[in-house]
Amino acid sequence: MTSMIEKYDKPVAFLDSGVGGISVLNEAIRMMPYENYIYFGDSKNAPYGIRTTEEVRQLTEKNVKFLIEQGAKAVVIACNTATSAAAEYLRNKYKDFPIIGVEPALKPAALNHEGGKVLVMATPMTLAERKFQNLMKKYEEYATIIPVPCGGLMEFVEDGILSGDPLENFLLQLLPPNLRNNTEAVVLGCTHYPFIKEIIAKVIGGNVAIYDGGMGTARQLQRKLQREKLLRRIEEPGEVRMMNTLEKGERLKLSETLLISRPVNL
């Protein structure tokens, strides 16, 4: 029988279609530095946002199963597209296992900018899913919410392009003047986008507020681990194990670069 100490020591696993979920992992590390973590990027099958819901569900189910086999004590689906397609299904399948998803931070954006214009940047699939449509209906009375499909944007982050003219020009095409004008807030509905939030803010201009769901997801994870009595009790920095289905050194190097400074076990 697994001892309680061994159970506490098990890692929390994060998975994403690529490197984007590291933005959520970073928030968790800041909040819970003593935990051990696994980060699993499925860059081989990225981007998820252009796949069918069924394809994304199958990929996510396969990856969650793998991470449970790796000894994870909880899994964070750190991908908006995968959360929309598979989180509810997987929670029903693994009823006694903590599975946490991500959600665009639309609530604080709408409530903090009542009567204003709020853009939601996300993959076309995330915006089309029932989960997001229900979320938008819930808060559309507070602000003018405009979904912005951003097909092709996450690939810049996957390739390590976090600034520069090609990215800025791409954003200018995604965000023409009629969208940018009078925008008060932008919700980043893909976990890749926080890595390029500065250039997004520059393109939109003004004093636009940027919201992403990373911190809220980390808080939800912390609450879940506390409730299940799974928080690590050893007060020393944990380890991070990086994994990626695209078995190229460049992808793991990029993953390490995007990770906040701390001990890393590749």
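The values are calculated or read from the model by the stated rules, or taken from the named source; none is laboratory data. Given the structure is predicted, the values throughout are model-derived calculations rather than measurements. Cβ atoms come from the backbone with ideal geometry, glycine included; neighbour counts cover every protein chain shown. What goes into the accessible areas is simple: the full protein's heavy atoms, side chains included, and nothing from ligands, DNA or RNA. Shrake-Rupley method; radii C 1.70, N 1.55, O 1.52, S 1.80 Å.
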Quick count over the stretch 161-212, residues being in contact with a Ser or Thr (Cβ under 8 Å, 6 or more places away or on another chain), among the hydrophobic types (A, V, I, L, M, F, W, C) and part of a helix (DSSP H, G or I), is 4
Selection status of Thr83, in contact with a Gly (Cβ under 6 Å, 6 or more places away or on another chain), at pLDDT below 95, crowded, with 16+ Cβ neighbours inside 10 Å and under 30 Å from Lys44 (Cα atoms)
no
So which residues in the stretch 114-162 are buried (at least 20 other Cβ atoms within 10 Å of the Cβ) and aromatic (Phe, Trp, Tyr)?
Phe132, Phe156
Any idea which of Lys44, Lys7, Lys73, Lys95 is free of Cβ contacts under 8 Å to residues at least 40 places away in the same chain and charged (D, E, K, R)?
Lys95
Qualifying residues in the stretch 209-225 (those that are open to solvent by 20 Å² or more (accessible area, probe 1.4 Å) and aliphatic (A, V, I, L, M)) - the one farthest from Asn181 (Cα to Cα)
Met215
When you go through Tyr8, Tyr48, Tyr94 one by one, which is the residue that is at pLDDT below 95, among the aromatic types (Phe, Trp, Tyr), out of contact with any Cys (no Cβ under 9 Å at 6 or more places or on another chain) and open to solvent by less than 60 Å² (accessible area, probe 1.4 Å)?
Tyr8
Subset of the stretch 47-66, residues in contact (Cβ under 8 Å) with a residue 40 or more places away in the chain, part of a helix (DSSP H, G or I) and over 17 Å from the mean Cα position of the chain (by Cα), comes to Thr53
Considering the stretch 18-39 alone, what residues qualify as being part of a loop (DSSP other than H, G, I, E, B) and touching a His at 6+ places or on another chain (Cβ under 9 Å)?
Gly18, Val19, Gly20, Gly21
